[in-house]
Amino acid sequence: MIISLQRVTKVYRMGEVEVHALRGIDLEVEEGEFVAVVGASGSGKSTLMNILGCLDVPTTGRYLLQGIDVADLDDDQLAVVRNRLIGFVFQSFNLIPRATALHNVEMPLIYGGQRRERRDRALAALEVVGLADRAQHLPSELSGGQQQRVAIARALINDPAIVLADEPTGNLDSESSAEIMQVFTELNREGRTVILITHEADIAAYARRVVRMRDGLIVGDERLAVTPGSEERWR
Amino acid sequence: MSVLEALRVAWGGLTANRLRSGLTMLGILIGVGAVILLVAVGNGTSERVQQQIESLGSNLLVVYPAATTSNGVSQGFASGSTLTMADVQALQNRQNAPNVVAAVPTTGGRAQLTYGDLNWASSLTGTTQDFPQVRDYQLAEGQFFTQAQVQGDAKVAVLGATVAQELFPTGQDPIGQTVYINRQAFQVIGVFAAKGTSGLGNQDDFVAVPITTAWAYLLGGGQTNVQEIFVEASSAAAIQAAQAEITETLLETHHISDPAQADFQVLNQAQILSTASQTTQTLTVLLGAIAAISLVVGGIGIMNIMLVTVTERTREIGIRKAIGARRRDVLLQFLIESMFLSAVGGVLGIVVGGLAALELPNLVTGLTTLVSGPSVLLAFGVSVGIGLFFGIYPANRAARLNPIEALRYE
């Protein structure tokens, strides 16, 4: 069991108003799963993503990540967990604009205190996403699809327990979207745990398990049969 | 994250906005430069005063009138006019003061000198025949006036080296020429060898005449006031004994029984030096404090720009936190940026301030500067400290950012 959420709630205070973003989530994810979390905006899926990614902690309930209860961790310990166990892929790529692709990819290693082989590992990660020849380019010199692939390389560099992708194709055209989803599919095929947050059914269809959310609750959890030709619909 | 990595990241941040980084540095540069320059001016002045006092003469003691008070308000150092030629004669009496070799009175004022169509404003020193010996002046040409010339109110003058140069620029022999001092004709009988401009004033820019002549023709009003008496002791070891003898003799000639009521003061060189260095130290501190204000302003400039930078890079901070940057990583990054700005600004300020201190004496005559090693080290230390101090608040603000909100920031 890589992820275990038990009766997780999250309450925000917006001025005087309390917003119940999550109202009691139970979710378990096994190693090697490819899960899509779908739901309309306001359904709580972004909050869930923040909690799964250890950017935020639950108001009540327990979140065990590889057996670690994150509620017990302080800010810096959460930062270490994010660095070691989680690879983020964001809708808006979130690369550092002043840094080259290579430097962006090796950044988690810098914060992880890795000194040796940093460059080689970063180059290898870029190789995996097919961008080894763009290592010295700045994000502004890359297309959206290429930027997202750099972000994926960055997410993979520390060999994380889970890859968390928040609307990874939201800013991409359909062709680039298909390429990115193929990268995720490939990663999952190699045994990597991928959690995908999306509101597009087409994108969710790449996953093997779809979790539906509405009003801060999980309202559906279905496992899909593997459909090898699913990406064909994008062609 | 190692400090080296943090430096690399900070460098990237600074070079991303060169103009802004440069302008921020300029603030510190000006502050540090001003500190270096003004402290150099203060130190240079105190050095000059010290040299001037040391070059007054050897084994020298100076008798000044005491400060007078008018309606209970002190009129300042040596403002009285209580010394007379009788005092000088009493001090020259070996029975009164066996440790005194010679005593010379001086009195002075402004002197407007003309020779032909050349004009020179200088200062006048009325004195007696022992002046060159006591004040350690050599004669380059001619001779000094004699006791007979002093007693006879002779209209003879001995020119300081600067005065001779100004009035006789073509190198003609001044000896025997007639110059006009405040419209009175004087015969030049000697020229002093240059002492160098190692004092607050130029020690070669004056003209010496017999004190009696000065009283009779130049200072007006028929006064016979002695402004100071320079006394030479027989040896360095005899200075203290001489000082006591002078005090005793003058108390007697002035008919004062209580030494606390003395209307004069006797200072040796060490005492003059310490009085003067108190004044110049105050000057140095004052100049340094004025400059320090601009340094603080520069520091506030750094804080301002770092706050802007942190706001601008909110999203970047969010990204870094999401991929594992801890608080101290972010803190270190921004602290190093601000310290880098202030340290580089500080080094440039030291260079600029040092160069200005070297150049300034060439532009402003009579000014010496002295850049001291400790002031350079201190200025550098303070500038780095300012980067640290004014950087902590913005860096801390960056380090405490909530990653979710930071990532959402547009």
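In table form, for the structure just shown:
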{"read-out": "Residue count for segment A:113-151, restricted to those that are away from every other protein chain (no Cβ under 14 Å), open to solvent by 30 Å² or more (accessible area, probe 1.4 Å), under 17 Å from A:T100 (Cα atoms) and assigned to a loop (DSSP other than H, G, I, E, B)", "value": "4"}
{"read-out": "Qualifying positions in segment B:135-148 - buried (at least 17 other Cβ atoms within 10 Å of the Cβ) and more than 25 Å from the chain's Cα centre (by Cα)", "value": "B:G142, B:F144, B:F145"}
{"read-out": "Residues of segment B:361-383 classified as open to solvent by 70 Å² or more (accessible area, probe 1.4 Å), in a helix (DSSP H, G or I) and of a type outside the set (A, V, I, L, M, F, W, C), total", "value": "2"}
{"read-out": "Answer residue from segment B:324-337, given it is open to solvent by 10 Å² or more (accessible area, probe 1.4 Å) and facing chain A (nearest Cβ under 7 Å) and is nearest to B:M303 (Cα to Cα) among those", "value": "B:R327"}
{"read-out": "Top-ranked residue in segment A:152-172 [being among the charged types (D, E, K, R) and in a loop (DSSP other than H, G, I, E, B); ranked as nearest to A:V81 (Cα to Cα)]", "value": "A:D159"}
{"read-out": "Qualifying residue in segment A:59-74 (condition: surrounded by fewer than 21 Cβ atoms within 10 Å (Cβ to Cβ) and at the interface with chain B (Cβ under 7 Å from one of its Cβ atoms))", "value": "no"}
{"read-out": "Among the candidates B:S234, B:S294, B:S257, residue that is touching a residue at least 40 places away in the same chain (Cβ under 8 Å), in the same structural domain as B:Q129 (by TED's automatic domain parsing) and open to solvent by 30 Å² or more (accessible area, probe 1.4 Å)", "value": "B:S234"}
{"read-out": "Conditions (1) small (G, A, S); (2) within 14 Å of chain A (Cβ to nearest Cβ); (3) within 30 Å of B:T45 (Cβ to Cβ): number failed by B:G345", "value": "(2)"}
{"read-out": "Residues of segment A:30-55 satisfying the condition of being of a type in the set (D, E, K, R) and buried (at least 21 other Cβ atoms within 10 Å of the Cβ)", "value": "A:K45"}
{"read-out": "Candidates A:G24, A:G32, A:G67, A:G112, filtered to the one that is closer than 23 Å to A:R209 by Cβ and modelled with pLDDT under 90", "value": "A:G67"}
{"read-out": "Set B:L388, B:L341, B:L358: member being under 24 Å from B:G12 (Cβ atoms), open to solvent by 50 Å² or more (accessible area, probe 1.4 Å) and in contact with a Ser or Thr (Cβ under 8 Å, 6 or more places away or on another chain)", "value": "B:L388"}
{"read-out": "Residue within segment A:87-100 that is basic (K, R), crowded, with 16+ Cβ neighbours inside 10 Å and part of a loop (DSSP other than H, G, I, E, B) present", "value": "yes"}
{"read-out": "Answer from B:R397, B:R408 - the residue that is within 14 Å of another protein chain (Cβ to nearest Cβ) and touching a helix residue (DSSP H, G or I) at 6+ places or on another chain (Cβ under 8 Å)", "value": "B:R408"}
{"read-out": "When residues of segment A:179-201 are limited to those that are more than 15 Å from A:V129 (Cα to Cα) and more than 13 Å from the chain's Cα centre (by Cα), the one surrounded by the most Cβ atoms within 10 Å (Cβ to Cβ)", "value": "A:H199"}
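Listed here are the residues, each with its yes/no results for (1) at pLDDT 90 or above; (2) under 18 Å from B:P132 (Cα atoms).
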{"site": "B:F168", "(1), (2)": "yes, no"}
{"site": "B:Q172", "(1), (2)": "no, no"}
{"site": "B:F186", "(1), (2)": "yes, no"}
{"site": "B:K195", "(1), (2)": "no, yes"}
{"site": "B:L200", "(1), (2)": "no, no"}
{"site": "B:F206", "(1), (2)": "yes, yes"}
{"site": "B:L218", "(1), (2)": "no, no"}
{"site": "B:Q223", "(1), (2)": "no, no"}
{"site": "B:I229", "(1), (2)": "yes, yes"}
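The values are calculated or read from the model by the stated rules, or taken from the named source; none is laboratory data. Computed from a prediction, not measured in an experiment: that's the story for all the values here. Reconstructed Cβ throughout: ideal geometry from the backbone, glycine too, with neighbour counts over all protein chains shown. Remember, those area values only see protein heavy atoms, side chains included, never the ligands or the DNA or RNA. Shrake-Rupley method; radii C 1.70, N 1.55, O 1.52, S 1.80 Å.
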